[in-house]
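The block underneath contains the structure these notes are about, expressed in structure tokens.
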Amino acid sequence: MKAMILAAGQGTRLRPLTDVMPKALVPVAGRPMIEYALLLLRRYGIRDIVINLHHFGAQIENHLGDGRRFEVKISYSHESELLDTGGGLLKAKGFLQDDSFIVINTDALIDVDLAAVLDGHRKNHAAATLVLRPDADADHYGSIDIDTDGRICRFLDHHAPIKPTGAARKLMFTGVQIVEPRIFDFMDGGGLKKFSTTRETYPRMLGAAERLFGYHFTGFWQDLGTRERIDAAEIKLKSGAAKLHFLLPPG
């Protein structure tokens with residue numbers, strides 16, 4: 001299985017740090033934040049990884065190299081202009097299109113069992129499975145709703161054409177997803193452009209009654225988009241209130 005780590009963003013909320021470095025290399029508990037995504041993937045045997053680059057991308061490439069010291073194989077997808085999540089995926093289509101693949105955002109820490117997510121994805125014969133979390137502000141930021149079977153029945157303001165099973169739960173995206181290559185059938189392949197999977201591609205798939213599922217995640221997750229949120233993550237990790245299983249020895 002292959003994976004893509006999204007690392008092209010400019011990290012504007014982390015300025016002035018990101019005036020001189022990419023967001024992906026901002027340290028969190030003594031480690032550049034992108035390394036957490038790499039180590040999570042490696043823990044589950046996923047070693048063929050592409051990373052998209054834009055803002056100070058050369059610094060990321062110089063730091064990670066070919067991935068050998070992390071026991072993974074890293075390729076890079078260079079974006080001369082920011083393409084957002086959808087455009088970034090479409091540019092990397094040649095790398096990803098052969099089988100199921102994982103996509104992870106750089107700017108979040110998550111202690112998720114990827115094997116369990118993949119198992120659910122396969123059992124559901126899903127076109128995509130998004131790892132979703134409860135949040136009291138889900139309505140304010142825009143929720144992704146799942147029914148009692150875990151199938152996504154509402155994506156932001158877009159409703160599925162099928163009747164949901166049972167009462168819906170309002171959740172929010174963690175930035176981790178497992179995707180089938182047919183996602184590319186719902187992207188405009190007529191030239192690279194900037195577009196979002198959550199605002200454009202997934203609503204299109206939902207309207208076509210594609211099998212989109214949510215994995216209801218209740219473990220440790222922390223956004224790393226601001227200095228305050230990085231501080232909060234570091235406090236939780238240092239105090240032991242949060243632990244990342246993929247940093248511990250197996251077993």
Of the criteria (1) assigned to a helix (DSSP H, G or I); (2) surrounded by fewer than 17 Cβ atoms within 10 Å (Cβ to Cβ); (3) touching a strand residue (DSSP E or B) at 6+ places or on another chain (Cβ under 7 Å), which one LEU41 fails: (2)
Given the residues HIS125, HIS159, which is the only one that is touching a residue at least 12 places away in the same chain (Cβ under 8 Å) and surrounded by 12 or more Cβ atoms within 10 Å (Cβ to Cβ)? HIS159
Mind listing whichever residues of segment 196-219 are touching a residue at least 60 places away in the same chain (Cβ under 8 Å) and surrounded by fewer than 18 Cβ atoms within 10 Å (Cβ to Cβ)? SER196, THR198, GLU200, ARG211, HIS216, THR218, GLY219
Filter result for ALA29 (among the small types (Gly, Ala, Ser), surrounded by fewer than 22 Cβ atoms within 10 Å (Cβ to Cβ), at pLDDT 90 or above and closer than 22 Å to ILE235 by Cβ): yes
Boolean, GLY214 is modelled with pLDDT of 95 or more and either outside any loop (DSSP other than H, G, I, E, B) or more than 19 Å from ASP135 (Cβ to Cβ) (or both): yes
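In segment 134-175, which residue that is β-branched (Val, Ile, Thr) and more than 21 Å from the chain's Cα centre (by Cα) is modelled with the lowest pLDDT?
Among those residues, the one meeting the criterion is ILE162.
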Listed by first then second residue, the pairs whose first member lies in segment 57-79 and is on the phi > 0 side of the Ramachandran plot, whose partner is among the charged types (D, E, K, R), with beta carbons under 8 Å and at least 6 positions apart or on separate chains, are GLY67/ARG47; GLY67/LYS73; GLU71/ARG42; GLU71/ARG47
Within segment 118-153, which residues are of a type in the set (S, T, N, Q) and either over 14 Å from ALA168 (Cα atoms) or out of contact with any Lys or Arg (no Cβ under 7 Å at 6 or more places or on another chain) (or both)? ASN124, THR129, THR148
Would you confirm whether or not segment 129-136 contains a residue that is over 26 Å from GLY219 (Cβ atoms) and either out of contact with any Ser or Thr (no Cβ under 9 Å at 6 or more places or on another chain) or of a type in the set (S, T, N, Q) (or both)? no
Can you tell which of ASP111, ASP84 is under 17 Å from GLU200 (Cα atoms), of a type in the set (Asp, Glu) and either modelled with pLDDT of 95 or more or under 15 Å from the mean Cα position of the chain (by Cα) (or both)? ASP84
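Would you point out which residue out of ASP84, ASP48 is of a type in the set (Asp, Glu), closer than 21 Å to ILE183 by Cβ and touching a residue at least 60 places away in the same chain (Cβ under 8 Å)?
Only one candidate passes the filter, namely ASP84.
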Criterion violated by ARG182 - all others in (1) of a type in the set (Lys, Arg); (2) touching a strand residue (DSSP E or B) at 6+ places or on another chain (Cβ under 7 Å); (3) closer than 29 Å to LYS91 by Cβ satisfied: (2)
Hits in segment 166-195 (condition: of a type outside the set (D, E, K, R), in contact with a helix residue (DSSP H, G or I) (Cβ under 9 Å, 6 or more places away or on another chain) and either surrounded by fewer than 14 Cβ atoms within 10 Å (Cβ to Cβ) or assigned to a helix (DSSP H, G or I) (or both)): PRO181, ILE183, PHE184, PHE186, GLY189
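The values are calculated or read from the model by the stated rules, or taken from the named source; none is laboratory data. Computed from a predicted model, the values in this text were never measured in an experiment. Reconstructed Cβ throughout: ideal geometry from the backbone, glycine too, with neighbour counts over all protein chains shown.
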